[in-house]
Amino acid sequence: MSEQVIKLSDNAANRIKEIMSKAESSAIGVRVGVKSGGCAGMSYIMEYAKEVKKNEEVIEDKGVKVFIDSNAIMYLLGTEMDYKTDKFSSQFVFKNPNETERCGCGESFKV
């Protein structure tokens, strides 16, 4: 079996379950992708997935479904998706071994 594109931490899986419990019934999971933008060139995007798109990678892990946009697979290979909460914010965090640079605010990256 090939390695999963991304792995989910327990915190990320629990947060996705929480998000999905409040989502519209047409949502079947969350989609993770990348887009051009930000100071370092690329940023992560997340949205509800309502259907499986062609060539998309589907990861079922810890009771949740994550869909990886086909254009993002090569950028996300080996990434761990985590969810962190601190005093002032809570957010999904991507630990991506392909990153060569990350901007100071942590919103964008370069591979």
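Among the residues of the range 71-90, is there at least one that is assigned to a strand (DSSP E or B), surrounded by fewer than 14 Cβ atoms within 10 Å (Cβ to Cβ), under 11 Å from the mean Cα position of the chain (by Cα) and of a type outside the set (S, T, N, Q)?
No, the conditions are met nowhere in the range 71-90.
Only one of Glu56, Glu60, Glu101 is out of contact with any helix residue (DSSP H, G or I) (no Cβ under 7 Å at 6 or more places or on another chain), surrounded by fewer than 13 Cβ atoms within 10 Å (Cβ to Cβ) and closer than 22 Å to Glu24 by Cα. Can you tell me which?
From the options Glu56, Glu60, Glu101, the qualifying one is Glu60.
Pull up the range 1-28, narrow it to residues that are in contact with a helix residue (DSSP H, G or I) (Cβ under 8 Å, 6 or more places away or on another chain) and surrounded by 19 or more Cβ atoms within 10 Å (Cβ to Cβ), then point me to the one that is nearest to Phe92 (Cα to Cα).
Leu8
If you go through the range 36-64, how many residues are assigned to a loop (DSSP other than H, G, I, E, B), more than 15 Å from the chain's Cα centre (by Cα) and either at pLDDT 95 or above or not β-branched (Val, Ile, Thr) (or both)?
Summing the residues that are assigned to a loop (DSSP other than H, G, I, E, B), more than 15 Å from the chain's Cα centre (by Cα) and either at pLDDT 95 or above or not β-branched (Val, Ile, Thr) (or both) in the range 36-64 gives 11.
The values are calculated or read from the model by the stated rules, or taken from the named source; none is laboratory data. None of these values were measured; they are calculated from a predicted model. For neighbour counting, all protein chains shown are included, and Cβ atoms are generated from backbone atoms with ideal geometry for every residue, glycine included.
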